[in-house]
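Asker: Please read through the structure below; I'll follow up with questions.
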Amino acid sequence: MKTWLFKPFERVAGGRALAVGLIVLMLTAVLAWQAGLHTDGVIDLHFGPSVGLWVLVLQGLINWLLLSAALLGVGKWLSNGRFRLLDLFATQAMARWPLLIGVVWLSIPGVGAAIESRTASLMAQIPEQPGQVIAPMEYMLDAMWLLLMSLPVMAAIVWMIWLMFHGYALVTNLRGMRAFFSFVGALVAAEIISKVLIHLLLQAAL
């Protein structure tokens, strides 16, 4: 069970992993669309404006393809290109499945609405002047409650990042600091580019 949860690419790879990953991408897009969620970044998940299903599908594809392309670049450079493109793209698609758990959690009736309302309430307490107290003590309970309710989403994103890293390291056969820092660099670059592209996509869709 531990292998399936944290190292699934040792059991599933290639075409099977790609098929599972694409199914996950489509399910995530459909559920996010129904719940009013957006995945407007490689590791982002939050509520946003109402858009068509096609926008959510494109968000998922952009996130997957950008990170895969970035990892392909650094992977080919550091490992002398000794791996299959299919394996890298397939593992990165399948690695996104924990995000589906976050979407399902936020889709539960009442959970999403409560998080949105508490977030808006806390944001309203941010002082306009530097040096002011951020919020009275009574708002600390709201902040702690919001953190608690957000934990499943944060855990899902951390889990997804681990699977992305493991898939990348396994396919490229990179280890240690070379694998870690090249992955982080590719992830940061892909996150920035995806935010820009999806922002332009949302401007066109709204």
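Asker: Somewhere in the stretch 35-52, is a residue among the β-branched types (Val, Ile, Thr) and either surrounded by fewer than 17 Cβ atoms within 10 Å (Cβ to Cβ) or more than 22 Å from residue 20 (Cβ to Cβ) (or both)?
Answerer: Checked against the condition, which is being among the β-branched types (Val, Ile, Thr) and either surrounded by fewer than 17 Cβ atoms within 10 Å (Cβ to Cβ) or more than 22 Å from residue 20 (Cβ to Cβ) (or both), the stretch 35-52 yields at least one hit.
Asker: What are the pairs, 6+ residues apart or on separate chains, where a residue within the stretch 175-195 that is assigned to a helix (DSSP H, G or I) has its Cβ under 7 Å from a residue that is surrounded by 14 or more Cβ atoms within 10 Å (Cβ to Cβ) and acidic (Asp, Glu)?
Answerer: Qualifying pairs under 7 Å: 195/40.
Asker: Whether any residue in the stretch 110-124 is among the charged types (D, E, K, R) and either exposed (fewer than 14 other Cβ atoms within 10 Å of the Cβ) or more than 25 Å from residue 165 (Cβ to Cβ) (or both) is what I want to check.
Answerer: Looking through the stretch 110-124, at least one residue is among the charged types (D, E, K, R) and either exposed (fewer than 14 other Cβ atoms within 10 Å of the Cβ) or more than 25 Å from residue 165 (Cβ to Cβ) (or both).
Asker: So, one more: Take the conditions under 17 Å from the mean Cα position of the chain (by Cα) and in a helix (DSSP H, G or I) and apply them to residue 72. Does it pass?
Answerer: no
Asker: OK, next. Of everything in the stretch 61-97 that's among the small types (Gly, Ala, Ser) and buried (at least 22 other Cβ atoms within 10 Å of the Cβ), which residue is nearest to residue 188 (Cα to Cα)?
Answerer: Within the stretch 61-97, the match that is nearest to residue 188 (Cα to Cα) is 70.
Asker: Residue check, residue 50 against (1) more than 20 Å from residue 13 (Cα to Cα); (2) in contact (Cβ under 8 Å) with a residue 60 or more places away in the chain, all met but one. Which one?
Answerer: (2)
Asker: Right, here's the next one. Taking residue 58 as meeting all but one of (1) in a helix (DSSP H, G or I); (2) at positive phi; (3) not hydroxyl-bearing (Ser, Thr, Tyr), write down the number of the exception.
Answerer: Only one criterion in (1) in a helix (DSSP H, G or I); (2) at positive phi; (3) not hydroxyl-bearing (Ser, Thr, Tyr) is unmet by residue 58, namely (2).
Asker: Restricting the search to the stretch 170-184, which residues are surrounded by 14 or more Cβ atoms within 10 Å (Cβ to Cβ) and under 15 Å from residue 69 (Cα atoms)?
Answerer: Listed by number, the residues that qualify are 171, 172, 182, 183.
Computed from the coordinates by the stated procedures, all read-outs in this text should not be read as laboratory data. Since the structure is predicted, the reported quantities are computational estimates derived from the model, not experimental observations. Backbone-built Cβ (ideal geometry, glycine too); neighbour counts: all protein chains shown.
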